[in-house]
1. Quick check on my filter: what residues within the stretch 21-42 are within 18 Å of the chain's Cα centre (by Cα) and surrounded by fewer than 14 Cβ atoms within 10 Å (Cβ to Cβ)?
2. Filter the stretch 71-101 down to residues that are hydrophobic (A, V, I, L, M, F, W, C) and within 30 Å of Glu28 (Cβ to Cβ) and give me whichever is surrounded by the fewest Cβ atoms within 10 Å (Cβ to Cβ).
Amino acid sequence: MSKEQHRHLFHHKKEEVSAEYGGEAMYEKARKEEKHHKHLQHVAELGAVAAGGFALYEKHQAKKDPENAHRHKIKEEIAAAAAVGSGGFAFHEHHEKKRDKKEAGGKKHHHLF
């Protein structure tokens, strides 16, 4: 038996990039950066959802607890600002991911539906 045994049905080969674009080292680096930005984008999206949920909770608490309504309104505003900031960061990372994908030579997929 040879040392290179292939036990899978499909063999995925790495896309070859010519030397004029930096070779495979640059391709791998761009793919890693793309994955990194995708991960940060998902983390930022989760942060936006969590902060938005907390802002809604504090808004509810302000109505429910009129004695401490001012404190709840302040917490609500802070959470809303955090949600907006996190959403902006997710938007930024999305564009960084697209830029890295373009540098790696990725194709754009246009879906009809």
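Throughout, read-outs are computed from the coordinates displayed, never taken from laboratory work. Since we're looking at a predicted model, the values are computed, not measured. Glycine also receives a Cβ, built like all others from the backbone with ideal geometry; neighbour counts cover every protein chain displayed.
1. Within the stretch 21-42, the subset within 18 Å of the chain's Cα centre (by Cα) is 29-42.
Listed by number, the residues that qualify are Lys32, Lys35, His39, His42.
2. Phe91
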